[in-house]
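The values are calculated or read from the model by the stated rules, or taken from the named source; none is laboratory data. The shown structure was predicted, so the numbers you read here are calculated from the model rather than taken from an experiment. We place every Cβ from the backbone using ideal geometry, glycine too, and count neighbours over all the protein chains shown. Heads up: the accessible areas ignore ligands, DNA and RNA and are worked out on the full protein's heavy atoms, side chains in. Shrake-Rupley method; radii C 1.70, N 1.55, O 1.52, S 1.80 Å.
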Amino acid sequence: MSATLGLRELVVDFRRRGQLPLRAVDRVSLALTPGRTLALVGESGSGKSTVVRALSGLVRPTSGEILLDGEVVRRLNRLAYRRRVQMVFQDPFASLNPAHDVAHHLRRSLLVHHRAATRGASEEVDELLVSVNLVPAGDFAAKRPHELSGGQRQRVAIARALAPDPDVLLADEPVSMLDVSIRLEILNLLDRLKTDRQLAMLYVTHDLATARHFSEEVVVMYRGEIVERGTSDEVILSPAHPYTQLLAAAAPTGIRGAAGDGSRRRPIPVAHDEAERRQTIVGGGCRFVRRCPYAMDACFERPPELEVSPGHLARCWLHATGGSVVTRRDEDRYG
């Protein structure tokens, strides 16, 4: 039976010697459902990869809950959880052992999760390779990672993730290390596997165009918290939060209908100082305020959770009444 994997008020803090903890993820809640892809987008340092690592068990949450089929994960058998929730890493070369051939990588996963007997594992290996379009399967099974191209290595990594017959696939920027000509093939493969196997998929990316075309829902993160969420078309084509608007405007190629013409894209303003980048406050004002071109007095208080349209949420006072707009030249506010 396919699973629903969810987060409830997840918080992840990283301890630092002699300093306050760095809050990488702040009260994030989301749900992955069978046959659908949720895209998690944001710039580097937004916390999206930490969310994936918490879901995969590589990072221990500080607080909050991870739920599988409505049951809190800490009460489940760890091996059983990892069988049902698999991950595709960003760098396929780093995630494969160069000392072993492809057959070893797939066979080991099959045997650990009791998906095949030792004598029958070779047939299962061939089926996995065929499912990710690596044919003839026998030739690829005998190769080592360095004998494969980047796209072929990522297909092997996907096959290994499929070996336990999971219900959930976590894809952490699975095409960012690949040539542009190969990226679409890998994304189409993941999309087909999601549909054929009814996988619940989390797709982490900084590419808004692929987030729109390969996901049903988009969640935008900024400095550890969710600032906007909704259907892919609503968030990408009609972004409500100023941060999402700037992401769309700064895209290398214009996204039609999103924050203007891409040929006149604007850079995202950088943080003013190191103190702002280290900010870990909870409920102390909008974290984007020093970079926002539309800052209001209310933005220095707790940001709201507002419904822009049914199913489209943005944490921004622009969509509420009241609050006087201030400019970025307000030295009293910005110090």
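What to note about this one:
- Condition check for ASN77: at pLDDT 90 or above, open to solvent by 70 Å² or more (accessible area, probe 1.4 Å) and among the polar types (S, T, N, Q): no
- Unique match (being of a type in the set (A, V, I, L, M, F, W, C) and at pLDDT below 90) among ALA240, ALA250, ALA171, ALA200: ALA250
- Just one of the listed residues (SER49, SER29) is modelled with pLDDT of 90 or more, polar (S, T, N, Q) and not in a strand (DSSP E or B), namely SER49.
- Residue check, SER44 in contact with a His (Cβ under 8 Å, 6 or more places away or on another chain) and either in a strand (DSSP E or B) or under 20 Å from TYR203 (Cα atoms) (or both): yes
- Residue in the stretch 56-73 that is surrounded by fewer than 17 Cβ atoms within 10 Å (Cβ to Cβ), assigned to a strand (DSSP E or B) and among the hydroxyl-bearing types (Ser, Thr, Tyr) present: yes
- Residue count, the stretch 124-156 (criterion: more than 13 Å from HIS104 (Cα to Cα) and of a type outside the set (Ser, Thr, Tyr)): 18
- Residue check for LEU106: open to solvent by less than 30 Å² (accessible area, probe 1.4 Å), in contact with a helix residue (DSSP H, G or I) (Cβ under 6 Å, 6 or more places away or on another chain) and under 12 Å from ARG160 (Cα atoms): yes
- Selection count where residues are at pLDDT 80 or above, assigned to a loop (DSSP other than H, G, I, E, B) and more than 27 Å from the chain's Cα centre (by Cα), scope the stretch 291-310: 2
- Condition check for ASP13: crowded, with 21+ Cβ neighbours inside 10 Å and of a type in the set (Asp, Glu): no
- Only one of PHE140, PHE93 that is of a type in the set (Phe, Trp, Tyr) and more than 28 Å from the chain's Cα centre (by Cα): PHE140
- Residue match in the stretch 38-45 (condition: touching a residue at least 60 places away in the same chain (Cβ under 8 Å), buried (at least 17 other Cβ atoms within 10 Å of the Cβ) and acidic (Asp, Glu)): no
- When each of LEU55, LEU106, LEU68, LEU40 is tested for being over 30 Å from ILE236 (Cα atoms) and of a type in the set (A, V, I, L, M, F, W, C), the lone residue that passes is LEU106.
- Some residue of the stretch 141-148 being without any contact (Cβ under 8 Å) to a residue 24 or more places away in the chain, out of contact with any Pro (no Cβ under 8 Å at 6 or more places or on another chain), open to solvent by 10 Å² or more (accessible area, probe 1.4 Å) and among the acidic types (Asp, Glu): yes
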